[in-house]
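See below for the structure under consideration.
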Amino acid sequence: MAQRKIDPHTGRAAVQAWMGDETVDRQTLATAVRFTLQELALQAPGRSVEVRVPPYGAVQVIEGLTHRRGTPPNVVELQADSWLRLVVGDATWGQAEAAGWVSASGSRADLSAYLPLMRRA
């Protein structure tokens, strides 16, 4: 089971800072992305889908066939701002796919059931 590496208070503060100004410094952006990936892993435990937000982090989530080596069959990749827009509900999964923000491969690479993780106040 995934464990928290980023304190929830620190992580939420970074996400809140990003919501207030999407041009936050790189450290705040990195903390916001890593915290939300961590939260996704806690809410959707498993190893069947790899979610990548380069260069900040990647996490394996969702129960199913476990992947151990090489490129996983189910991969989701996004830029940091696109990921955070999905996390806070500024966009839906369908909107992100239509806009080309998401690169998703594999039959399980749909995170719409898990997003948003947080909402704007």
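Looking only at the range 93-115, how many residues end up being touching a Leu at 6+ places or on another chain (Cβ under 8 Å) and farther than 20 Å from residue 48 by Cα? So the count comes out to 2. For the range 53-72, the criterion of a residue being touching a residue at least 60 places away in the same chain (Cβ under 8 Å) and over 23 Å from residue 6 (Cβ atoms) is satisfied by no position. The residues of the range 75-121 that are in contact (Cβ under 8 Å) with a residue 40 or more places away in the chain, hydrophobic (A, V, I, L, M, F, W, C) and closer than 14 Å to residue 22 by Cβ, listed by number, are 80, 83, 84, 87, 88.
Check 100, 106, 46 and return the single one that is under 15 Å from the mean Cα position of the chain (by Cα) and at positive phi. Steps first, answer last, please.
Numbers: 100 fails: under 15 Å from the mean Cα position of the chain (by Cα); 106 fails: under 15 Å from the mean Cα position of the chain (by Cα).
Unique residue meeting the criteria: 46.
Within the range 97-121, restricting attention to residues that are among the small types (Gly, Ala, Ser) and assigned to a loop (DSSP other than H, G, I, E, B), the residue that is surrounded by the fewest Cβ atoms within 10 Å (Cβ to Cβ) is 121. Scanning the range 79-96 for residues that are open to solvent by less than 40 Å² (accessible area, probe 1.4 Å), assigned to a loop (DSSP other than H, G, I, E, B) and farther than 16 Å from residue 40 by Cα yields a total of 1.
With respect to the conditions (1) open to solvent by 70 Å² or more (accessible area, probe 1.4 Å); (2) modelled with pLDDT of 95 or more; (3) more than 13 Å from the chain's Cα centre (by Cα), residue 14 falls short on a single one, namely (1). Filtering the range 19-78 to residues that are crowded, with 20+ Cβ neighbours inside 10 Å, acidic (Asp, Glu) and either more than 15 Å from residue 108 (Cα to Cα) or touching a Ser or Thr at 6+ places or on another chain (Cβ under 7 Å) (or both) leaves only 39.
The values are calculated or read from the model by the stated rules, or taken from the named source; none is laboratory data. All values reported here derive from a predicted model rather than from experimental measurement. Here the Cβ is made from the backbone with ideal geometry for all residues, glycine too, and neighbour counts use every protein chain on show. Please note that ligands, DNA and RNA were not included when accessible areas were found on the heavy atoms of the full protein model with its side chains. Shrake-Rupley method; radii C 1.70, N 1.55, O 1.52, S 1.80 Å.
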